[in-house]
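Here is the structure we will look at, set down as structure tokens.
Where a number appears in this text, it was derived from the coordinates with a stated rule and is not lab data. Bear in mind the structure is a predicted one, so any value in this text is a computation, not a measurement. Ideal geometry is used to build each Cβ from the backbone, glycine not excepted, and the neighbour counts take in all protein chains shown.
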Amino acid sequence: MIGNAAFGAPAKSSTQTGRLPAFIDSAFAVKYALQYQQYDKITPHIHPTKGVRFSLYAYVNPDKDKVFSQAEFDKYLNQSKIQFTWGEKDGTGDLYIVSLPTYLANWVVRDTRFEKVGVNEFYGTGNSLNNLADVYSEHEFVEFYSAGSETYAGMDWRCMRLVFETYQGRPYLVAIITDEWTI
């Protein structure tokens, strides 16, 4: 469990795994930067050689997902007229084509009411295939989860998973994976 009891059931803690909790601090720093649209503060957290991957849903597609280096991330934050195809929207199959800042604001953190935070633990599960554990088997991740509303019987749940890899003794962000209820 991270923070206080309001976040939900206990998750695997850094003391149980024998790892330093630095990636947890980084996850919260990235989450707050996203939440307050201070995207430039994410750059130092991006892996210096692998960059950061963006997955529209739980299924990580190494062949199609967008990956940006630190320099590219900065560049595309400041060139908001450049648009990218992030993937196909569930239910319609429509391509989701927007700029990096728009993707971050309207897709990654369109809802910041995360009730639970899990460390190397999944709260959000649905119909889409979640292959994070396969693609990032040796990595740590933090899931920020929102259970959704009673109005929609929880079918509007969402989560954001931030995946980290240790490089030269420090955790770096290698993926931002969003997930939600899908058809």
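At a glance:
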| read-out | value |
| --- | --- |
| Listed residues THR125, THR92, THR166, most fluctuating in the chain (Gaussian network, C-alpha, under 10 Å) | THR92 |
| Simple label model, 7 Å out from Cα along Cβ direction - VAL67 to ALA153, nm | 4.0 |
| Mean separation of Cα contacts under 8 Å, 6 or more apart, over the residue count of the chain: relative contact order % | 26 |
| Residue-averaged 222 nm ellipticity for the chain, from DSSP H runs of 4+ at -39500 (n - 2.57), nearest 500 | -5000 deg cm²/dmol |
| Listed residues GLY154, GLY91, GLY124, most fluctuating in the chain (Gaussian network, C-alpha, under 10 Å) | GLY91 |
| Distance from the range 38-97 to the range 131-178 (C-alpha centre basis), Å | 15 |
| Rotationally averaged projected area of the chain (alpha carbon convex hull; nm²) | 10.4 |
| Choice from ARG53, ARG161, ARG170 with maximal GNM fluctuation in the chain (Cα, 10 Å cutoff) | ARG170 |
| Prolate/oblate/rounded label for the range 135-183 (Cα gyration tensor, a/c 1.5) | prolate |
| SER99, SER55 arranged by Cβ crowding within 10 Å, fewest neighbours leading | SER99, SER55 |
